[in-house]
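The values are calculated or read from the model by the stated rules, or taken from the named source; none is laboratory data. Bear in mind the structure is a predicted one, so any value in this text is a computation, not a measurement. Cβ coordinates were reconstructed from backbone atoms using ideal geometry, including for glycine residues, and neighbour counts include every protein chain displayed. Remember, those area values only see protein heavy atoms, side chains included, never the ligands or the DNA or RNA. Shrake-Rupley method; radii C 1.70, N 1.55, O 1.52, S 1.80 Å.
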Amino acid sequence: MVSTLQKFIHSLDLRALPRVLQIQSGIYCQGSTYETFGNECSLSTEEVIKVIGFKINKLIASICENNEVSQFSAKVELPLNFPGLFKVVADKIPYVSIEEIARKVSIGPTRFGHPCFYSTKDIKLANFTIKHDEQITFNSVEEVHGTMAVNCVVVRNNQSHSFTLPFSQEGEFYECEDDQIYTLKEVAEWKIPKSRNRIVKLSNTLHVWDSSSPLPENFDGCLILMPVYEVQAVMKSRKDIVHILSDLDVEVKDVTDCYDISSFRHPLSLQDIFERTSKEFPMIAEIMEGPSGSQKPNNLLSTGKEIVIYKKYQAARVLASEMRSDSSKRRYLIPMSYKGKFKRRPREFPTAYDLEIVRSEKEHLHVVATKAFTSPHKELFSVSVGDQFLVQQYQTSEVLYEGRKKLIDVLACEQILSDSYKKVLLPMYMEGGFVEVIHDKKQYYLSEICKEFHLPFNVKVSVRDLSIDKDVLAVAPGLQFEEEITDSYLLISSASSPVESWEIPVYRLNMLVHLLSKDVQTVVPPVTRTTVEEVSEEEYYMLRRYENLTLHPPPRPPKKPT
């Protein structure tokens, strides 16, 4: 069946990839050449391409009235980073089965991937009945006893009831109203069903309107969004990945079932490579698409280059942030092989409980109070700004409260006076402020800090790593080592001149390679080059979120007695 490229991609399920398409007709037939994403390419009639992926590149918006496009409305192009927040308008067209919902609506692990629907009729299950018009939350898709189904939840009388609905369940299912607000990027990634447009209402603009805005001034109405996809494809005539916009005027035909798909080059992501067994390493690969906007060591990761992938492994890194008060704070992942040295910088502690967390048996923690605290109990010390303390140990103490003795958690300290020390007790619940006084002048390697001190830990580079051409850490005004993480890496080198090897992160570098059937000349990797990786704000929060899932949360500070 012949269709436009736009219509085919708009209805295609990502799980059905890859697909082989044959070019039928259009403006770009008969060897016409076009340029997109900086790549010049030609699509000839009857040429075949293998589609390996697609994602929304931009959105075409039309102003709508009564959920219909106004005949006077001009279409405007909205980039995914458009500075506005939107509410999703519930689709008035029903879905006829659970399978249709699962194939057209994004269902996933994040809060964006939990769409809600209701059925116009009761649905009777083995031990539960879903009432008509009752909100059903779709959480995930899985195979149950050989049958595809959706894991669902209904909340009734403040109690959650979990169950599964098979793909075969039919009925009339409508979207529930959604009171959440989303960025345009979140709408594009999670809230636009396949083969359907999406109506949204502009809820808030994040910037002051100016003449460059694609929308009218003071606009607060509804928009119909139509996605334009960026299609990733492989062609037999090219070694790289071709990027095609889905709104090109091209007609295609799906010939996957009658074509030898193995005749195309097979692109693999770094995740695909990492999932291979250790026995399959080392291997030689050609880069079909290098990372965009990333640091490329000696152009090693450029499209067309051949690399040796020696092994896969987990490696430790320290996640660090610059100590700045402005928004230009940069963040880094530092390998344990970093050869520079660090000197300590003062840490800040918001509560007495934080002092107990970092307290060490090796040295007395010396702090200065930056905030006053008046104790409600005469047995405990009242703190003034400028008071200095040596932190001793955690203990419990009796206090008199409303005529009764009460046992509470306290921190034993020594107040530093002009010519003596005074033993005092600070309540753990104390909300104050303390700054560390540093007496230690020693210079530390990264591994020593991780071994001897509790993170987070403040430092400044005192001796730069001379093995790095440009040590970005050396120019930072100060660094806070936040936590030690473990991440997945591949060790690679150039296939033509394997002088040094590099560690590349599996989950933060978007690139595609094609494995070559060549023998690796040397299985022993050359010396590994130390690389400090700068991470974006989005990558930083993903790293923190992933790492914190594997850690037990710290105990809550003691509450102030009531």
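Once you have the Cα-Cα distance between Arg324 and Ser447, take 0.36 nm times their residue separation minus that, and quote the gain in nm to one decimal. Intermediate results must be reported in sequence, preceding the final value.
Numbers: separation 123, 0.36 × 123 = 44.28 nm, distance 2.41 nm.
Stretched fully, the Arg324-Ser447 segment lengthens by 41.9 nm.
List residues of the stretch 271-291, by number, whose backbone nitrogen lies under 12 Å from a label position 7 Å along Cα→C-beta of Phe112.
none
Protein chains only, probe 1.4 Å: how do Ile93, Ile52, Ile192 rank by accessible area, largest first?
From most exposed to least exposed: Ile93, Ile52, Ile192.
Excluding ligands and nucleic acids, what accessible area in Å² is computed for Val472 using a 1.4 Å probe, to the nearest 10?
Accessible area of Val472: about 40 Å².
Projecting each Cα onto the charge dipole of the chain (Lys/Arg +1, Asp/Glu -1 at the beta carbon, about the Cα centre), which of Ser447, Ser462, Gln388 comes out farthest on the positive side?
In the chain, that residue is Gln388.
Report, in deg cm²/dmol and to the nearest 500, the calculated mean residue ellipticity at 222 nm for the chain, where each DSSP H run with n ≥ 4 adds -39500 (n - 2.57) and the sum is divided by the residue count.
Working: 7 runs with 53 residues, N = 562.
For the chain, the value works out to -2500 deg cm²/dmol.
Ranking request for peptides 246-252, 179-185: highest mean number of other beta-carbon atoms within 10 Å first, then the rest in descending order.
On the way: 246-252: 19.0, 179-185: 15.9.
The most tightly packed comes first, giving 246-252, 179-185.
Go through Met430, Met226, Met542 and list them by solvent-accessible area, largest first, probe radius 1.4 Å.
On the way: Met430 0, Met226 60, Met542 100 Å².
Sorted descending by solvent-accessible area, the residues read Met542, Met226, Met430.
Given a cut-off of under 8 Å on Cα pairs at least six residues apart, what relative contact order in percent is computed for the stretch 334-449? Mind dumping the intermediate values first?
Working: 232 pairs, mean separation 42.9, N = 116.
Dividing the mean separation by the residue count of the stretch 334-449 yields 37 percent.
Pull up the cross-link candidates among the aspartates and glutamates for Lys343, meaning alpha carbon to alpha carbon under 12 Å and not fewer than 8 places away within one chain.
Once the sequence-local aspartates and glutamates are set aside, what remains near Lys343 is Asp440, Glu448.
Could you compute how much accessible surface Trp190 exposes when probed at 1.4 Å, giving the result in Å² to the nearest 10?
Accessible area, nearest 10 Å²: 60 Å².
List every residue whose amide H lies under 5 Å from the amide H of Cys222, counting only residues 5 or more places away in sequence or on a different chain, with H placed 1.01 Å from N in the peptide plane.
Sorted by chain and number, the residues that satisfy this are Cys64.
Separation between the Asn204 and Ser337 pseudo-spin-labels, each 7 Å from Cα along Cα→Cβ, expressed in nm?
A separation of 4.6 nm, rounded to one decimal place.
Specify the angular offset, from 0 to 90 degrees and rounded to the nearest 10, of the alpha carbon long axis of helix 537-549 from the longest principal axis of the alpha carbons in the chain.
70
Round to the nearest 10 and report in Å² the accessible area of Ser237, as given by a 1.4 Å probe over the protein chains' heavy atoms.
90
For the stretch 151-166, in order, what is each residue's ³J(HN,Hα) by Karplus, 6.51 cos²θ - 1.76 cosθ + 1.60 with θ = phi - 60°, in whole Hz (x at glycine and Pro)?
Couplings: 7, 10, 9, 10, 9, 9, 6, 6, 10, 8, 10, 9, 6, 10, 10, x Hz.
Determine the gain in length on full extension of the stretch Ser292-Thr137; use 0.36 nm per residue of separation and subtract their C-alpha separation, reporting nm with one decimal.
Taking Ser292 through Thr137 to full extension adds about 52.1 nm, to one decimal.
Please work out how much length the chain gains when fully extended from Thr120 to Val255, using 0.36 nm per residue of separation minus the C-alpha to C-alpha distance, in nm with one decimal. Could the numbers behind the result be given before it?
Values: separation 135, 0.36 × 135 = 48.60 nm, distance 3.90 nm.
Between Thr120 and Val255, full extension yields an extra 44.7 nm.
So what is the relative contact order of the stretch 91-176, in percent, for Cα pairs below 8 Å that sit 6 or more residues apart?
Values: 174 pairs, mean separation 32.7, N = 86.
Reported relative contact order: 38 percent.
Between Lys406 and Ile357, how high is the FRET efficiency from 1/(1 + (r/R0)^6) when r is the Cβ-Cβ distance and R₀ = 22 Å? Nearest 0.05.
Details: r = 24 Å, r/R0 = 1.09.
The formula returns an efficiency of 0.40 here.
With unit charges on the beta carbon (Lys/Arg positive, Asp/Glu negative), name the residue among Phe128, Thr351, Val250 whose Cα is farthest towards the positive pole of the charge dipole of the chain.
Thr351
Once you have a ≥ b ≥ c as the square roots of the Cα gyration tensor eigenvalues for the stretch 416-546, tell me rounded if a/c is under 1.5, and otherwise prolate or oblate according to whether a/b is larger than b/c. Show your work: numbers first, answer last.
Numbers: a/c = 3.42, a/b = 2.29, b/c = 1.49.
Here the stretch 416-546 falls in the prolate category.
Explain nothing, just the number: dipole magnitude of the chain about its Cα centre with +1 on each Lys and Arg Cβ and -1 on each Asp and Glu Cβ, in debye rounded to the nearest 20. Walk me through the intermediate numbers first.
Working: 67 positive and 76 negative charges, 304 e Å.
For this selection, approximately 1460 debye.
Calculate, for Arg544 and Val2, the FRET efficiency according to 1/(1 + (r/R0)^6) with r their C-beta to C-beta distance and R0 56 Å; round to the nearest 0.05.
E(calc), rounded to 0.05, equals 0.70.
For the stretch 91-176, just run the numbers: alpha carbon Rg, then divide by 2.2 N^0.38 Å, N being how many residues it has. Don't skip to the answer; put the middle values down first.
On the way: Rg = 11.9 Å, N = 86, 2.2 N^0.38 = 12.0 Å.
For the stretch 91-176, the normalised Cα radius of gyration is 1.00.
Under the classification rounded if a/c is under 1.5, otherwise prolate if a/b is larger than b/c and oblate if not, where does the stretch 348-436 fall, given a ≥ b ≥ c as square roots of the Cα gyration tensor eigenvalues? Walk me through the numbers on the way to the answer.
Values: a/c = 1.62, a/b = 1.47, b/c = 1.10.
It is prolate, given that a/c is not under 1.5 and a/b is the larger ratio.
Shape of the stretch 152-248 from its Cα gyration tensor (a ≥ b ≥ c, root eigenvalues): rounded if a/c is under 1.5, otherwise prolate when a/b > b/c, or oblate?
On the way: a/c = 2.65, a/b = 1.18, b/c = 2.26.
Oblate shape, in that a/c is at least 1.5 and b/c is the bigger or equal ratio.
So which trypsin sites (Lys or Arg not before Pro) in the stretch 333-434 end up in coil per DSSP with only 13 or fewer other C-beta atoms within 10 Å?
Working: sites: Lys339, Lys341, Lys343, Arg344, Arg347, Arg359, Lys362, Lys371, Lys378, Arg404, Lys405, Lys406, Lys422, Lys423; in loops: Lys339, Arg347, Arg359, Lys362, Lys371, Lys378.
Sites meeting the loop and neighbour criteria: Lys362, Lys371, Lys378.
Residues in the stretch 424-438 near a label at Ser375, defined as backbone nitrogen under 17 Å from the 7 Å Cα→Cβ point?
Within reach of a label on Ser375: 424-433.
What residue among Gln6, Trp190, Gln521 has its Cα farthest toward the positive end of the dipole of the chain, where the charges are +1 on Lys, Arg and -1 on Asp, Glu, each on the Cβ?
Looking along the dipole axis, the top candidate is Gln521.
Given the convex hull of the Cα atoms of the chain, what is a quarter of its surface area in nm²? Please list the in-between numbers first.
Details: hull surface 146.9 nm².
The directionally averaged projection comes out at 36.7 nm².
Which order do His145, His364, His10 take by accessible area at a 1.4 Å probe, largest first? Write out the running numbers ahead of the final one.
Working: His145 185, His364 115, His10 30 Å².
Largest accessible area first, the list is His145, His364, His10.
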